Amino acid sequence: MAVKDLREWISLLEEEGELARVKTEVNWDLEIGGVLRETMERQGPALLFENIKDHKDTACIKLFCGSLATFPRVTLMMGLPKDTPYKDLIQVWRERVKKPIKPAVVDAAPCKENIVKGDDVDLFQFPTPHWLKFDGGRYISTFHGVITKDPDTGWENVGMYRQVIHDKSTTSMAVAQGQHIWMHWRKYRAKGQNLPLAVAIGWDQTLPAVAAAPIPEGVDEWDIMGALRQEPVELVKCETVDLRVPASAEIVLEGEVITDKETFKNDGPFGEFTGHYGLPSMRPVYKVNCITFRNDPILQGTLEGLPSTEDHRLCSVSHSAMVWNLLEEKMIGITGVNCDPSTAYTNTIVQIDNSYYGQVQQVAANIWGSKITLDVGKNIIVCDQDVDIWDLNRVFWALAYRVDPTRDLIQYPGWIHALDPIVHIKDRLGPGGNKGTRLLIDATKSIDRPRADEYGGGRFALVAYPDDDTMNMVRRKWDKYGIKV
């Protein structure tokens, strides 16, 4: 059964020993970012900051961070046992998203307990951190859901786009070329209108999980959240814009993104998912006209930067699942996909049954030929089934002994992510993408090698590992050995 809101989620984490309440005073300026970073590097608990400098008497005094920074907490979000392996978690995501569940619209909602409009709007009432030293300001929205709607089709999109506070009622809005919000923004701009937009902060963690996932164009993210939580999302209509938000969200910002390019303001630098600072850039302004929030609201956010952070671990699951489904639809013989959190899903590791010539190249062609390549698969590593692609030790072993650099490293020119720091600032094409080079590494036992008796009739040297019968026998008897591991 899915949790109903952020408060129930926090209670669940506390019961599971996965939450720490920080009662010592902390400074919103850099200290919170440092505490969260150290906690994530130690694979520690989620954090609820309850004593924040300058926020003793503001409308919001609490900040929740690190919610999904470990795989056990991601499994809890999915209603699974905490010890569910990463590989199995990917499989559950794959299967659930194939069965979307429509949301339900309700009239009464906890997120309406307080309603502030017009001149009373004050974003500084919320304890927004200055996360990293060189960040361009206080980023209020880093782990949330941004809701927009296609004016022609009515398709409602939920994405995750950062926002730095400019003043008490305006923020930036990271409208990036190629993203779904950009598609909606362009349509409103062509009509000479501003883009109605709502930001939902703090709810069931399927909200940020799906907002950050590569959901296809035209697919309603509310349906996918319902699929993951296996219950409909309860939505309520906004006060000032024709959009819907989770009824029990902690905080909702309502307003419009100004489409006049003359009003753009600087947004950045910002510590990005690549592990490097993104460059300052001119972004559209989001005018907040209304804030609704629960009594004693809890702001939620997260720290970006050098992997692995919260979104890397979370997105490794969603991106692996989506790439696996894509490849399985387009070809045969796919037995695993790992967009590992260690490289922020830029490296995509694929396992195949290696059953026909050209299969390795087909993997790359399908990923690079799809829209999903904006975020994943700049570097693709393809391995055999005897390589556990969820264990980087095994992947590096395959790179060491199954890659012939003269034939197994294939470079391909194309579009790479706009934030990729491999492209020098003076060589950047623009905000939407960069001219770059992708790499396919064939770490399989090449199928066109001749068989040899010395290899037991195979094409490659035998792997030195106990035989299956021996290992199965040992595992059956394991409890009898008295070895505690």
For the structure I just gave you, tell me whether Leu197 is surrounded by 24 or more Cβ atoms within 10 Å (Cβ to Cβ) and over 30 Å from Leu76 (Cβ atoms).
yes
Check on Thr259, part of a loop (DSSP other than H, G, I, E, B), hydroxyl-bearing (Ser, Thr, Tyr), under 23 Å from Asp420 (Cβ atoms) and touching a residue at least 24 places away in the same chain (Cβ under 8 Å):
no
From Cys290, Cys315, residue being assigned to a strand (DSSP E or B) and either in contact with a Phe, Trp or Tyr (Cβ under 6 Å, 6 or more places away or on another chain) or touching a residue at least 12 places away in the same chain (Cβ under 8 Å) (or both)
Cys290
Select from the range 142-169 the residues that are under 19 Å from Ile258 (Cβ atoms) and among the aliphatic types (A, V, I, L, M) and list them in ascending order.
Val146, Ile147, Val164, Ile165
Quickly run through the range 361-374 and pick out the residues that are touching a residue at least 12 places away in the same chain (Cβ under 8 Å), surrounded by fewer than 24 Cβ atoms within 10 Å (Cβ to Cβ) and of a type outside the set (Lys, Arg).
Gln361, Gln362, Ala364, Asn366, Ile367, Trp368, Ser370, Ile372, Thr373, Leu374
Elements of type strands (runs of 3 or more DSSP E) in the range 1-105, at least 3 residues being more than 14 Å from Leu303 (Cα to Cα) and assigned by TED's automatic domain parsing to the domain that holds Leu132:
19-22
In the list Ser342, Ser308, which residue meets the criterion of being part of a loop (DSSP other than H, G, I, E, B), out of contact with any Gly (no Cβ under 9 Å at 6 or more places or on another chain) and modelled with pLDDT under 95?
Ser308
Among the candidates Gly136, Gly154, single out the residue that is part of a loop (DSSP other than H, G, I, E, B), out of contact with any helix residue (DSSP H, G or I) (no Cβ under 6 Å at 6 or more places or on another chain) and without any contact (Cβ under 8 Å) to a residue 60 or more places away in the chain.
Gly154
Which one of the conditions (1) surrounded by fewer than 20 Cβ atoms within 10 Å (Cβ to Cβ); (2) more than 20 Å from the chain's Cα centre (by Cα) does Thr292 fail to meet, given that it meets all the rest?
(1)
Residues of the range 456-485 being under 30 Å from Arg402 (Cβ atoms), assigned to a loop (DSSP other than H, G, I, E, B) and of a type in the set (A, V, I, L, M, F, W, C), which ones?
Phe460, Ala461, Leu462, Val463, Ala464, Val485
Go through the residues of the range 322-336 one by one and say whether even a single one is outside the structural domain of His417 (by TED's automatic domain parsing), closer than 30 Å to Pro246 by Cα and aromatic (Phe, Trp, Tyr).
yes
Take the residues in the range 375-414 that are assigned to a helix (DSSP H, G or I) and over 26 Å from the mean Cα position of the chain (by Cα), then tell me which one is surrounded by the most Cβ atoms within 10 Å (Cβ to Cβ).
Ala398
Checking the structure you have, find out if any residue of the range 157-170 is touching a His at 6+ places or on another chain (Cβ under 8 Å) and of a type in the set (Val, Ile, Thr).
no
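The values are calculated or read from the model by the stated rules, or taken from the named source; none is laboratory data. Just so you know, these numbers come straight off a predicted model, no measurement behind them. Because the Cβ atoms are built from the backbone with ideal geometry, glycine has one as well, and the counts that use them run over all protein chains shown.
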